[in-house]
Amino acid sequence: MAAIQIGFGGEGFGGWWNTPFRDRLLRLQEDLAILDETAVVDFLELRPTPENAEIARSLHMPILQFTDLYCVEDGGLDRVRDNIALAVSCGIQRINMQVQGDQNTPQIATLVEFYQRAYELADAADILLVTETHIDRFTYDPRRLLAVHQALLDAGERGLIMHADFSHYAHQIENQQASTWSAQESGDLVLGPKKESDIISSTLIPEIPCYSGHLRMAVPNQLGRGRGSIQYPVVAPEDNGEAVFLEHYDEYWNGQRTESWWLWYQALAAKHQALPDDAPPLTLATEFICVEDEYRMDPYSNYQQNLHMMVLARKRLLKGERFLLNGAGNKRVDAEPQ
């Protein structure tokens with residue numbers, strides 16, 4: 001059974017970002033142990049420096065991957081070269097690529113040429129390039145991701161290797177504000193793990209290789225751009241013992257809404273665990289963040305949500321446990337393991 005590793009990424013060190021890097025990591029270990037004394041930080045995802053990479057390795061939580069944005073027609077390959085050099089200097093073998101684009105641009109032929117050249121550069125340095133599912137990127141519509149993947153295969157190249165951030169798909173489900181709504185309404189695009197022919201469950205997860213991803217919760221909603229639609233707390237945020245009202249969702253936290261996101265990641269984990277023992281690990285890093293207006297817009301702690309995500313992901317993805325949600329919505333009760 002291939003391994004799955006749960007790592008820490010995203011924002012959340014709060015007011016102590018300016019403390020020495022080693023101290024931050026030691027505090028991270030201590031705070032995680034408060035929630036679950038058996039949990040460990042398998043790895044970190046962040047943009048490294050050689051010094052920080054060495055500190056992280058010495059504390060047994062190595063930096064395994066980092067993310068950057070690439071504009072194919074405006075210095076994209078130069079950025080690939082620079083990041084490969086950085087990865088080599090830090091002993092990192094995996095780079096996550098967000099490739100700018102949409103359903104129509106860049107043209108598929110342009111993307112194929114870009115990936116062919118990027119793969120050549122990465123192969124020479126023994127670096128794995130993966131591509132994230134993300135808004136404002138050509139991968140935001142899963143049909144476009146599949147089209148580019150197939151075009152690469154047809155060109156005699158390896159296809160895409162997916163970096164799974166399913167929050168960018170979960171928030172689109174039946175969302176009339178999403179750019180994919182007309183395709184969903186017509187039936188050309190089926191999204192939702194409980195639906196027959198759901199494109200993520202039936203095609204993306206089975207057909208696209210995936211060895212990494214981000215663990216940031218999102219739920220189906222009717223929020224448009226700039227409304228915090230692509231992030232939702234994984235556990236009920238609390239303030240003085242009371243659940244925080246999520247203004248942008250017009251409700252208190254409702255754990256039942258998180259089911260679609262979990263189902264996709266459980267399917268991804270099951271696929272990976274069926275691979276041989278010597279397959280590369282599936283490295284999944286937390287990613288609760290504040291960036292522009294697509295993410296956190298309510299008064300909860302990204303840091304605490306990242307910690308809780310690590311604990312729950314270890315239970316639900318590594319161990320196959322599940323929990324049932326009661327009608328109140330903001331409480332969780334344990335259930336028997338599957």
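The values are calculated or read from the model by the stated rules, or taken from the named source; none is laboratory data. Given the structure is predicted, the values throughout are model-derived calculations rather than measurements. No Cβ is skipped: glycine too gets one built from the backbone with ideal geometry, and neighbour counts run over all protein chains shown. These area figures cover heavy atoms from the full protein model, side chains too; ligands, DNA and RNA do not enter into them. Shrake-Rupley method; radii C 1.70, N 1.55, O 1.52, S 1.80 Å.
Could you rank D165, D78, D68 by how accessible they are, 1.4 Å probe, largest area first?
D78, D68, D165
For the chain, report the translational diffusion coefficient in µm²/s to the nearest whole number, using Stokes-Einstein at 10 °C, 1.306 mPa s, and a Kirkwood Rh over Cα pairs. If you can, show how the numbers build up before the last one.
Values: Rh = 20.6 Å.
Rounded to a whole number, D works out at 77 µm²/s.
Could you give me the ³J(HN,Hα) list for the range 240-247, computed from phi with Karplus coefficients 6.51, -1.76, 1.60 and θ = phi - 60°, whole Hz, x at Gly and Pro?
6, x, 10, 4, 6, 6, 8, 4
Taking the Cα centre of the chain as the origin and placing charges on Cβ (Lys, Arg +1; Asp, Glu -1), which of F288, S186, S260 is farthest toward the positive end of the dipole?
With unit charges placed on the Cβ atoms, the residue in question is S260.
Using the Cα centre of the range 1-148 as the reference point, and only Cβ charges (+1 on K/R, -1 on D/E), how large is the resulting charge dipole? Debye, rounded to the nearest 20.
100 debye
In terms of the Cα gyration tensor, with a ≥ b ≥ c the square roots of its eigenvalues, is the range 216-275 rounded because a/c is under 1.5, prolate because a/b exceeds b/c, or oblate? Present the calculation step by step, with values, prior to reporting the outcome.
Values: a/c = 3.17, a/b = 1.72, b/c = 1.84.
It is oblate, given that a/c is not under 1.5 and a/b is not larger than b/c.
In whole Å, what are the extents of the range 160-310 along the principal axes defined by its C-alpha atoms, from largest to smallest?
47, 39, 26
Name the long-range amide H neighbours of Y211: under 5 Å, sequence gap of 5 or more, or other chain; modelled H, no Pro or chain starts.
Correct list: M162.
Based on the alpha carbon coordinates of the range 153-197, what radius of gyration and maximum Cα-Cα distance (Dmax) apply, in Å?
Cα radius of gyration and Dmax of the range 153-197 are 13.5, 38 Å respectively.
For a quick check: with amide H placed at 1.01 Å from N, whose amide H comes under 5 Å from A243's, ignoring anything fewer than 5 positions away on the same chain?
none
Restricting to the chain, what percent of DSSP beta bridges are antiparallel, rounded to 5?
That works out to approximately 25 percent antiparallel.
Report the gain in length on full extension from S179 to R158: 0.36 nm times residue separation, minus Cα-Cα distance, nm rounded to one decimal.
Gain on stretching S179 to R158: 4.7 nm.
Tell me whether the range 31-104 comes out rounded, prolate or oblate; compute the Cα gyration tensor, take square roots of the eigenvalues as a ≥ b ≥ c, and use a/c under 1.5 as the rounded threshold. Please report the intermediate quantities before stating the final value.
Numbers: a/c = 4.26, a/b = 1.79, b/c = 2.38.
Oblate, because a/c is 1.5 or more while a/b does not exceed b/c.
Between V88 and A3, what is the spin-label point distance in nm, taking each point 7 Å from the Cα along the Cα→C-beta axis?
2.6 nm
So what is the orientation-averaged projected area of the range 85-172, using the convex hull of its C-alpha atoms, in nm²?
For the Cα atoms of the range 85-172, the hull's average projected area reads 5.7 nm².
For a protection proxy built on the mean count of beta-carbon atoms within 10 angstrom, sort 167-173, 143-149, 34-40 highest first, please.
For the peptides 167-173, 143-149, 34-40, the packing ranking is 167-173, 143-149, 34-40.
Let me cross-check K195: its accessible surface, 1.4 Å probe, with only protein heavy atoms counted, in Å² to the nearest 10?
For K195, the solvent-accessible surface is approximately 80 Å².
If amide H atoms are built 1.01 Å from N in the plane of the peptide, which residues on other chains or at least 5 residues away come under 5 Å of the amide H of L223?
none
If r is the Cβ-Cβ distance from K195 to Q266 and R0 is 22 Å, what FRET efficiency results, to the nearest 0.05?
Once rounded, the FRET efficiency stands at 0.85.
With every protein chain left in place and a probe of 1.4 Å, what is the accessible surface of D154, to the nearest 10 Å²?
Surface open to solvent at D154 totals about 110 Å².
Of all the accessible heavy-atom surface of the range 219-269, with the other protein chains kept in place and a 1.4 Å probe, what percent is carbon and sulfur?
Ligands and nucleic acids excluded, carbon and sulfur reach 41 percent.
Within the P(r) computed for the range 181-248, what percentage of the Cα pairs occupies the region above 17 Å?
63 percent
Please calculate the 1.4 Å probe accessible area of T49, with all protein chains present, and give it to the nearest 10 Å².
50 Å²
Taking R0 as 45 Å, what's the FRET efficiency between L275 and R24 from their Cβ-Cβ distance, rounded to 0.05?
That gives a FRET efficiency of 0.85.
222 nm [θ] for the chain, helices only, -39500 (n - 2.57) per DSSP H run of 4+, per residue, to 500?
-9500 deg cm²/dmol
Using the Cα centre of the range 172-311 as origin and beta-carbon charges of +1 (Lys, Arg) and -1 (Asp, Glu), tell me which of Q231, L215, L307 is placed farthest towards the positive end of the dipole.
L215
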